[in-house]
Amino acid sequence: MHCVLLSETLDLRGYLASEIDRLRDRITFVDHPCADADEVRLAVAWDPPADGFSRYPKLAAACSIGAGADSILRCPSLRAGVDVVRVVEPAQAQMMSGFVLWHAIGHQRGLPIYRDQQRRQLWRRIPQRAARDIPVAILGFGAMGSRAAQDFAALGFPVRVWSRSARPAPQGIAAFHDVGGLAAAVEGAEIVVNLLPLTPETRGILDARLFARLRRGAFLIHVGRGEHLNEADCLAALASGQLAGAALDVFAAEPLPADHPFWDHPGVMVTPHDACDVSVPAVADTILATAAALERGETPPHTVDRVRGY
Ligand code: GLV
C-alpha cells in the first residue's frame, strides 16, 4: 500500500528510517508531493501542510506519529471520511506518568528548596508532607491519564480525574466529567496535571478561573498542548502566589521564543515537548495495523472520533 509522508516540521522518512525495511513488503512510503497520487491510500502525518491532503483522492486513513492527532484534525484539506489514527502505546503512558510524578514529587518534597540550599552549602531539613495531604486533579482520563491516576493513587495521593465523557474509574479515584464536573474536580487541588487532548472545548481550559479554584500555592504540570494554557493567566497566578510553580512541556509557540518570560521564571521549569516519546516501532506497528484494517475494509484500531476530536 502506498503511504505518503506529510509534515512541514519533521523529516518523517528520517524519523521512520529504522523501521522502513521491516515495513517494506506491505508499505511503500512516498514523499509529498507524490506523482502517483491515485495510488495513495494511507498517510503518515504530523503538522501536515494546509493543502497536503487535497492531492490524494483515494486517501482512506491518516496516522499520527504521536498520541495526539490534533495537527491532522485541524488541517483544512482533510476530507470527511478519512480515518484519523493515533498511536496508543502502554510504554508511552508509563513514560508520561513517570514525567508527571517526577514533577509532582519534586513539588511535594521541596526539590527547588534543596537545590537552593545546596548552592549555599546549607544543611537544613525542611518539613515534609505526606502524599495523602496533597490532592491531585488529573485532567484527561484516556490511556495516559488513567496510567498517571493509578500511579498517583499507588503513592497515596488523593486523586480526582476529569474527562469530557463519563468513564468508570478504579476504586479510590474520584471521577468527574462534563463541563459541570470540572470545577468540582479541581476545587482545592494542590497539583493539577493536564493530559487532555486539544479540542475546541479544551482550548484555553487552564485559565485564571481554574487556577482560582486550586489550593493556594498549587503546582501545575502541563503536558497536553500549548493551546490549553492561557499563558498570561499562568504568569499572573505565579506572580500572585496562587501557583507556586509550573512544569511546562508544551507551548503555544514551539520552540519557545527566546524572549518568552517562561524561560527564566524562577517558578517555571521548561522542557522542550519531551515529556514522553512514542517508540518508532510502535508508530510502525500502528501504520501496519491501519493498512491491514483498510485492506479488510475495517475501521483501523485507535481511530479518533472526528466529532469529539480524540
Ligand atoms: C506528543 O505530543 C504526542 O502527541 O504524542
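By DSSP, what percent of the beta bridges with both residues in the chain are antiparallel, rounded to the nearest 5?
DSSP beta bridges in the chain are roughly 0 percent antiparallel.
Between the range 1-67 and the range 281-310, how far is it from one alpha carbon centroid to the other, in angstrom?
14
Can you work out the Karplus-derived ³J(HN,Hα) for every residue in the range 97-108? Use 6.51 cos²θ - 1.76 cosθ + 1.60 with θ = phi - 60°, whole Hz, and x for glycine or proline.
Along the range 97-108, the couplings run 4, x, 5, 5, 5, 3, 5, 5, 6, x, 5, 4 Hz.
Put +1 on the Cβ of each Lys and Arg and -1 on the Cβ of each Asp and Glu in the range 90-270; which of ILE205, GLY142, SER97 then has its Cα farthest toward the positive end of the dipole?
The residue sitting most towards the positive pole is SER97.
Mind checking the range 104-185 for chymotrypsin sites (Phe, Trp or Tyr not before Pro) that DSSP puts in a loop (not H, G, I, E or B) and that have at most 14 other Cβ atoms within 10 Å?
For chymotrypsin sites (Phe, Trp or Tyr not before Pro) across the range 104-185 that sit outside H, G, I, E and B with at most 14 neighbouring Cβ atoms in 10 Å, the list reads TRP123.
So if I place +1 on the C-beta of Lys and Arg and -1 on the C-beta of Asp and Glu, and nothing else carries charge, what would the dipole magnitude of the chain be about its Cα centre? I want it in debye, nearest 20.
Magnitude of the dipole: close to 1340 debye.
What does the accessible area per residue of the chain come to in Å², with a 1.4 Å probe and no ligands, DNA or RNA counted?
That works out to 48 Å² per residue.
Find the relative contact order for the range 170-310 and round it to a whole percent, using C-alpha pairs within less than 8 Å whose residues are 6+ positions apart.
19
Mind checking which of VAL85, GLY172, LEU182 is farthest towards the positive end of the chain's charge dipole, using Cβ charges of +1 (Lys, Arg) and -1 (Asp, Glu) about the Cα centre?
The one lying farthest along the dipole's positive direction is GLY172.
Could you give the size of the charge dipole of the range 111-176 about its Cα centre, using +1 on the Cβ of each K and R and -1 on the Cβ of each D and E, expressed in debye and rounded to the nearest 20?
260
Taking 8 Å as the Cα distance limit and 6 or more residues as the minimum spacing, I'd like the relative contact order of the chain as a percentage.
Relative contact order of the chain: 17 percent.
Which three extents, in whole angstrom, do the alpha-carbon atoms of the chain cover along their principal axes, largest first?
Answer, in whole Å and largest first: 67, 41, 33 Å.
Compute the relative contact order of the range 90-270 as a whole-number percentage, counting only Cα pairs closer than 8 Å that sit 6 or more residues apart in sequence.
Taking the mean separation of contacting Cα pairs over the length of the range 90-270, I get 16 percent.
Probe radius 1.4 Å, ligands and nucleic acids ignored: give me the carbon and sulfur share of the accessible area of the chain as a rounded percent.
53
Which value, in debye to the nearest 20, gives the size of the charge dipole of the range 110-256 about its Cα centre, when Lys and Arg are +1 and Asp and Glu are -1 at the Cβ?
620
From the P(r) of the range 90-270, could you give the percentage of C-alpha pairs in the tail past 20 Å?
Tail of the P(r) past 20 Å holds 52 percent of the pairs.
The values are calculated or read from the model by the stated rules, or taken from the named source; none is laboratory data. These numbers were taken from a predicted model, which means no experiment stands behind them. As a convention, Cβ positions derive from the backbone with ideal geometry for all residues, glycine included, and neighbour counts pool all protein chains shown. Note: areas computed on protein heavy atoms with side chains; ligands, DNA, RNA excluded. Shrake-Rupley method; radii C 1.70, N 1.55, O 1.52, S 1.80 Å.
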